[in-house]
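The block underneath contains the structure these notes are about, expressed in structure tokens.
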Amino acid sequence: MLQQTTVAAVRGRYEKFLQRFPDLASLARSREDAVLAAWSGLGYYARARNLRAAARAIVRNYGGRFPRDPATLETLPGFGPYIAAAVASLAFGVRAPAAEANVIRVLSRLSAISGDPGSRAHREKIRRRVGELLPAHRPGDALAALMDLGQTICTPRRPDCADCPISLHCVAFRRGQPERYPSRRPKPRPVTIHFAAAFAAHVGRALLVRRRASFLNGLWAFPCAEGETAEAARDRLGAAIRPLGLRLSGRLPSGHARHTVVNRRLQIDVFPALPSSRSETRIPKPRSQRWFRPAELAAAAVPTLTRKIARAAGFL
């Protein structure tokens, strides 16, 4: 959950997730929809799918016993070198050097290691340095301490060097340039995307479709379309909902919302939609299209974007 997500966002979700899936067996036999629903709002949903797939692989291939060595862990879905080393160290006390963003920043400053933190060469330098620092006894505690140090004190901007317990050993601090390390990649320029969504209501329910072949794969969303302009997005939306037996009821949106995904700034117009004919009120293919009541939507596998559109339409 903490991959590319803040502690504040995860704090309220972790315990609830464990209550729903208390062990590997319950996670392995769960439906993907249930896991995505429990993950709803955290983003980067491939993590949830990989978590479930890894649990299934452990139950199937290792009798439900979690592998402890990094090499075996790397064979599991979603486990790259960092996650494999981190799990081995933090969970099982293996002396395996792991370096995520906080550890990379702390060690880059401690030893004044310059370079691009996203490059393989820089990561290898950091991993070697972490390996030198990890003690033989309880290495996971030392690794967790480095992570916490980067999270709370050795922050990307304005690090609190006065309260840092290792500042006297920090080369970047002695040089008076802690924020210079590591080098920062330029942020991608924000791109405005015009987005149109269709809100079709019927007896207190709203129509959602299951997304496929996108970063929201498997999640429920309102029918939508993108465009270079708001008008282009609306026209594409009108064409996209025809196979659903729907049409836009007008050319003016009934609501607006905004959403940011990395550097994509979505400007969202929400349009009311109506059945093309009375015979098409009931939408076929229930596995890919479904009518949701507000209470059902609150507990479904939907991303934050869907909830924003629902609120803009006055549905939530």
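The values are calculated or read from the model by the stated rules, or taken from the named source; none is laboratory data. Every value quoted in this text rests on a predicted model; they were computed, and no experiment measured them. FYI the Cβ positions are ideal-geometry reconstructions off the backbone, even for glycines, and counts take in every protein chain you see.
Table for the structure above
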| read-out | value |
| --- | --- |
| Residue among Ile113, Ile104 that is surrounded by 19 or more Cβ atoms within 10 Å (Cβ to Cβ), in contact (Cβ under 8 Å) with a residue 60 or more places away in the chain and not in a helix (DSSP H, G or I) | Ile113 |
| Considering residues of the stretch 4-23 that are at pLDDT 90 or above and hydrophobic (A, V, I, L, M, F, W, C) only, the residue farthest from Gly64 (Cα to Cα) | Val10 |
| Of residues in the stretch 90-99 being aliphatic (A, V, I, L, M) and closer than 11 Å to Asp69 by Cβ, the one surrounded by the fewest Cβ atoms within 10 Å (Cβ to Cβ) | Val94 |
| Test for Ala99: is it closer than 20 Å to Gln151 by Cα, among the small types (Gly, Ala, Ser) and touching a residue at least 40 places away in the same chain (Cβ under 8 Å) | no |
| Scan of the stretch 224-281 for residues that are within 16 Å of Ala201 (Cα to Cα), hydroxyl-bearing (Ser, Thr, Tyr) and under 30 Å from the mean Cα position of the chain (by Cα), ordered by number | Ser254 |
| Arg242 vs. criteria without any contact (Cβ under 8 Å) to a residue 60 or more places away in the chain and charged (D, E, K, R) | yes |
| Candidate set: the stretch 12-39, residues that are closer than 24 Å to Glu100 by Cα and under 14 Å from the mean Cα position of the chain (by Cα); chosen: the one surrounded by the most Cβ atoms within 10 Å (Cβ to Cβ) | Trp39 |
| Count of the stretch 180-191 residues which are loosely packed, with under 13 Cβ neighbours inside 10 Å, outside any loop (DSSP other than H, G, I, E, B) and over 21 Å from the mean Cα position of the chain (by Cα) | 0 |
| Breaking point among (1) assigned to a helix (DSSP H, G or I); (2) modelled with pLDDT of 95 or more, for Ile268 | (1) |
| Sole exception among (1) surrounded by 13 or more Cβ atoms within 10 Å (Cβ to Cβ); (2) more than 28 Å from the chain's Cα centre (by Cα) for His194, by number | (2) |
| Flag if Ala200 is surrounded by 11 or more Cβ atoms within 10 Å (Cβ to Cβ), under 27 Å from the mean Cα position of the chain (by Cα) and closer than 30 Å to Ala239 by Cβ | no |
| Residue within the stretch 69-83 that is in a helix (DSSP H, G or I), of a type in the set (A, V, I, L, M), at pLDDT below 95 and closer than 29 Å to Arg157 by Cβ present | yes |
| Selection status of Val87, surrounded by 20 or more Cβ atoms within 10 Å (Cβ to Cβ), β-branched (Val, Ile, Thr) and either more than 15 Å from the chain's Cα centre (by Cα) or not in a helix (DSSP H, G or I) (or both) | yes |
| Flag for Arg49 being in a helix (DSSP H, G or I), crowded, with 17+ Cβ neighbours inside 10 Å and touching a Leu at 6+ places or on another chain (Cβ under 8 Å) | yes |
| Scope the stretch 157-172; condition surrounded by 11 or more Cβ atoms within 10 Å (Cβ to Cβ), without any contact (Cβ under 8 Å) to a residue 40 or more places away in the chain and of a type in the set (Gly, Ala, Ser); matching residues | Ser167 |
